Structure formats: structure tokens, C-alpha cells
Amino acid sequence: MAEQNIERVVVAFPEALTQTFVDDLRTLYDPLALVLKPHITFVFPFTSSLTTASLREFLITTLAGFRPLPVRLDGVTAHGEYLFLNVKRGNDDLIALHDALYGVPLAPFLDPEYTYVPHVTLGVVPERPARLQALAQAHRVSQPLELVLRQLTLLRKRPDGQRETELVLGLD
């Protein structure tokens, strides 16, 4: 049985990102900081009537080819109005995982206009002068972070805007 249209996203929540400068900067600049922990997005928000069971089957099959992914995060840059904490090691593996996750049945949700750049979003700062100040602040407080991605989480957006965990699947 098909579910009603639900907005979902696939992310990784590396624990090494919490209680660091990442949380501090997101509190200042990211409107989602209170709704969503620091994360790396692999499948961007999509709305579909795919069932949890069909997504689970697809994700399990797709993740079977991946092991835990070591990642080094370092350097903050602006991409348009967004502040990104950049991936400096592990980039190719994260891109490979992203590409695999956009296989059938998620292929229709891949936006061909954008190239996937693995990152952690630190904030949204639309005005250039404020963005330059935010970047300067980020450069003062940021430091390299080494982490390992061990699992992915499928989240669904509730009507109140909060996100709830639908599935957590390990990379093993």
C-alpha cells in the first residue's frame, strides 16, 4: 500500500560534530539548528509516496557495498548564501555513496542542476556583509575534525516541521 506524499531526507549524524564549534556556529546562523543535529546530507529533501518498506529494502541493498567512511572536515567557505564546513578527506567516498543512493527509486529526485559537494551546513546568511563577518568568525573558531560515518538515517518531516527518524541503517 502506498503512503501519502511524505517529505524525507537521508543524512549521516556523526557524533563528533556535536558539542563543538559546529553547534555554536549553527546556533547563530542555521535556522534548522534546533530542528536537526549537525549532519551530512546524502539525499536531499524529496517528497514521495514511497513506502517505508520499499525505501528500507532499497537502502539496505545500496549500503551493502559500503563500509564505515573516515572523513576529515576542515575549512569553512561560502556557497551562495550558505556557510559550509568542507570535507577535506573522504570526499570521493561520500560522493560515491551519494551517487549510489540516487539509484532507482530515488533517481527522479536528483536535481541535475547541482553538483554534489559533501559538507556540513553551518548556516544561511543571505546578505554579503553579514556573510563575510560570519566567515571571519567561523575561521577564528573552526578546527579540523576527524570522524567516521557509520550509519545513515532516513528522516521524515512531520506536519509541525520537526523531523523524526524513520530508519537508521549501518555501513558495515
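Just so you know, all these numbers are worked out from the coordinates, no wet-lab data involved. On a predicted model such as this, the values are computed, not experimentally measured, just so you know. Here the Cβ is made from the backbone with ideal geometry for all residues, glycine too, and neighbour counts use every protein chain on show.
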What order, most packed first, do the peptides 50-57, 105-112 have when packing is the mean number of other Cβ atoms within 10 Å of each residue? 50-57, 105-112
Column: log10 I(q)/I(0), Debye, Cα scatterers of segment 1-47, q = 0.27, 0.32 Å⁻¹: -1.03, -1.18
Contact order normalised by residue count of the chain, Cα under 8 Å, 6+ apart, percent: 33
What fraction, in whole percent, of alpha-carbon pairs in segment 6-170 exceed 19 Å separation? 56
Given a Förster distance of 22 angstrom, what is the FRET efficiency for residue 16 paired with residue 168, based on the Cβ-Cβ distance and rounded to 0.05? 0.80
